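A.B. asks: Below is the structure I would like to discuss, written out as C-alpha cells.
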Amino acid sequence: MKLALGTVQFGLDYGISNKQGQVDKAQVADILTQAANLGIDTLDCAGAYGNSEQVIGAQLSSLAHQAKFTIVSKIPALHSQSDNITEHFEQTLTDLQVENIDTLLFHHADNILFHPNRVKIFQQLEALKAQQKVKRIGASLYSPEQLIAISEQYTIDIAQVPLNIFDQRFITNDILTLCQQKHIKLHARSLFLQGLLLIEVNELASYFSPFKDKIDAFTSLADYLGCSRLALALSIVPHGIAPSLKQSADEIIEKVVVGVCSSEQLIEIVTAYQHAKELSISTEELQSLADNRLEFINPSLWKI
C-alpha cells in the first residue's frame, strides 16, 4: 500500500477544506482501525502537530494497532539558541508510547542548511540511527533546491516533499535521477493542496482568483474523464510521471501521505486511489496542469 496516513488533523484544526476541526479521540480510534483494515501500514506524525502524538500513543498502546503501523515523526523547528534534538525525540517516544520509530525527519529543512550548529544537530540525528532508535533519517522539504543542497552535504534516507496536480517539481527527470543516485526515497505530501483541489470553485477565497484558470482546467479534466476531482488529484502518482521514468519513480516515491477527518473519508480516498490507477489519462494531460507560482502551490505563502 503506497498510501500513508497523515495525522496533523488528530492534533490541529488543519486544512482550508476542513470543516470539522480537530478530530476527536473516538474518531481517531476508528480511523486507525480502518487504516489497518485497508492495509495502510505507515503513520506520518510530528511533534508540531498539537497533541496528535499523545492521542495516537493512547491508541498504539493497543497491541492490535501497534503491530500494524510503522511511524514517521519529525523534529520541530529549532531556533538559533536550540541545538539539542534528543529531548524532542525522547518526547515523541514518550507521547507515542514506543521505544523506537522507523523514520525521523527534520520538520524544517532549513535547520540543517542554515542553523549555526547544523552539523552538530545532524550528527545527533545520525547518532539516533546508529543507536537503532530510528531506522531512517531525513528532512521535510518545500523546494527541489533544498533537496539538492541537503544531498550535497548530508546522507539522508527519506525526503518528504510536496506533490500534487499543480506542484510537480519533485517528479522531474533531474530530481528523480538525483534521488536514484543518492538512494533517497520520497514521501509525498500535500496531494490535495490542503484540500484546495476538493473545494467547489464558487467557495474559494478571492485570493485564488489569479489561479482560476488552472483550477478550472483541473475541474474540466475531471469532468471530461468522468471521474471525481479526488480520483484525478490522486492520479498524479500513478500517471503523472513520464513512462521512461515510471519504474524508477515507483521505487523512489515510497509513500503518499493523505490526511482525513473520518474513517469514511479514508475509505473514499482508498477507493478513489484504486480508480485513479485505472484512469485513461496521459502524462502530458497531467503535466499541462503543473504550475510553478509559489504563491499558488506553497500553502505557507497563502494570504487568506
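A.B. asks: When residues of segment 70-88 are filtered for being within 11 Å of Thr7 (Cβ to Cβ), among the hydrophobic types (A, V, I, L, M, F, W, C) and without any contact (Cβ under 8 Å) to a residue 60 or more places away in the chain, how many remain?
C.D. replies: Looking only at that region, the number is 1.
A.B. asks: Listed residues Leu186, Leu196; which is farther than 17 Å from Val237 by Cα and either crowded, with 23+ Cβ neighbours inside 10 Å or among the small types (Gly, Ala, Ser) (or both)?
C.D. replies: Details: Leu186 fails: farther than 17 Å from Val237 by Cα.
Only one candidate qualifies: Leu196.
A.B. asks: Considering only segment 216-228, I want to know if a residue exists there that is surrounded by fewer than 19 Cβ atoms within 10 Å (Cβ to Cβ), modelled with pLDDT of 95 or more and among the β-branched types (Val, Ile, Thr).
C.D. replies: Yes - at least one qualifying residue is present in segment 216-228.
A.B. asks: Identify all residues within segment 73-92 that are surrounded by 18 or more Cβ atoms within 10 Å (Cβ to Cβ) and touching a Gly at 6+ places or on another chain (Cβ under 9 Å); write none if there are none.
C.D. replies: Answer for segment 73-92, where residues must be surrounded by 18 or more Cβ atoms within 10 Å (Cβ to Cβ) and touching a Gly at 6+ places or on another chain (Cβ under 9 Å): Ser73, Lys74, Ile75, Pro76, His88, Phe89, Thr92.
A.B. asks: Only one of Ile253, Ile269 is modelled with pLDDT of 95 or more, more than 26 Å from Gln22 (Cα to Cα) and surrounded by 21 or more Cβ atoms within 10 Å (Cβ to Cβ); which? Steps first, please.
C.D. replies: On the way: Ile269 fails: more than 26 Å from Gln22 (Cα to Cα).
The match here is Ile253.
A.B. asks: Separate question: State whether the residues of segment 70-88 include one that is modelled with pLDDT under 95, assigned to a loop (DSSP other than H, G, I, E, B), under 21 Å from Thr33 (Cβ atoms) and within 21 Å of the chain's Cα centre (by Cα).
C.D. replies: Checked segment 70-88: no residue is modelled with pLDDT under 95, assigned to a loop (DSSP other than H, G, I, E, B), under 21 Å from Thr33 (Cβ atoms) and within 21 Å of the chain's Cα centre (by Cα).
A.B. asks: Report, by residue number, each residue of segment 275-304 that is of a type in the set (S, T, N, Q) and either under 19 Å from the mean Cα position of the chain (by Cα) or not in a helix (DSSP H, G or I) (or both). Outline the logic, then answer.
C.D. replies: Just the residues of segment 275-304 that are of a type in the set (S, T, N, Q), to begin with: 280, 282-283, 287-288, 292, 298, 300.
Answer for segment 275-304, where residues must be of a type in the set (S, T, N, Q) and either under 19 Å from the mean Cα position of the chain (by Cα) or not in a helix (DSSP H, G or I) (or both): Ser280, Ser282, Ser288, Asn292, Asn298, Ser300.
A.B. asks: Can you name every residue in segment 286-304 that is surrounded by fewer than 18 Cβ atoms within 10 Å (Cβ to Cβ) and more than 29 Å from Leu12 (Cβ to Cβ)?
C.D. replies: Gln287, Ser288 - these are the residues of segment 286-304 that are surrounded by fewer than 18 Cβ atoms within 10 Å (Cβ to Cβ) and more than 29 Å from Leu12 (Cβ to Cβ).
A.B. asks: Filter segment 243-274 for residues that are aliphatic (A, V, I, L, M), in contact (Cβ under 8 Å) with a residue 60 or more places away in the chain and either over 17 Å from Thr42 (Cβ atoms) or not in a helix (DSSP H, G or I) (or both) and give the result. Break it down into steps so the answer makes sense when it comes.
C.D. replies: Residues of segment 243-274 that are aliphatic (A, V, I, L, M), as a first pass: 245, 249, 252-253, 256-258, 260, 266-267, 269-270, 272.
Checking the rest, the ones that are also in contact (Cβ under 8 Å) with a residue 60 or more places away in the chain come to 245, 249, 252-253, 256-258, 260, 266-267, 269-270.
Of everything in segment 243-274, those that are aliphatic (A, V, I, L, M), in contact (Cβ under 8 Å) with a residue 60 or more places away in the chain and either over 17 Å from Thr42 (Cβ atoms) or not in a helix (DSSP H, G or I) (or both) turn out to be Leu245, Ala249, Ile253, Val256, Val257, Val258, Val260, Ile267.
A.B. asks: Given the conditions (1) free of Cβ contacts under 8 Å to residues at least 60 places away in the same chain; (2) closer than 30 Å to Gln59 by Cα, and given that Ile158 satisfies all but one, which numbered condition is not satisfied?
C.D. replies: (1) is the only condition that Ile158 fails.
A.B. asks: Ok, one more. Search segment 47-69 for residues being touching a residue at least 24 places away in the same chain (Cβ under 8 Å), more than 24 Å from Asp157 (Cα to Cα) and among the polar types (S, T, N, Q), and hand back the single one that is surrounded by the most Cβ atoms within 10 Å (Cβ to Cβ).
C.D. replies: Among those residues, the one meeting the criterion is Ser52.
A.B. asks: Name every residue in segment 148-165 that is among the β-branched types (Val, Ile, Thr) and part of a helix (DSSP H, G or I), in order of residue number.
C.D. replies: Those that are among the β-branched types (Val, Ile, Thr) and part of a helix (DSSP H, G or I): Ile148, Ile150.
A.B. asks: So, one more: Mind counting the residues in segment 166-191 that are part of a strand (DSSP E or B) and small (Gly, Ala, Ser)?
C.D. replies: Residues meeting the conditions: 1.
A.B. asks: Tell me which residues, restricted to segment 161-208, are small (Gly, Ala, Ser) and free of Cβ contacts under 8 Å to residues at least 60 places away in the same chain. Steps first, answer last, please.
C.D. replies: As a first pass, look at segment 161-208 and keep what is small (Gly, Ala, Ser): 188, 190, 195, 205-206.
Scanning segment 161-208 gives a single hit, Ser206.
The values are calculated or read from the model by the stated rules, or taken from the named source; none is laboratory data. Predicted model, so just to flag it, every value in this text is computed and none were measured. Ideal geometry is used to build each Cβ from the backbone, glycine not excepted, and the neighbour counts take in all protein chains shown.
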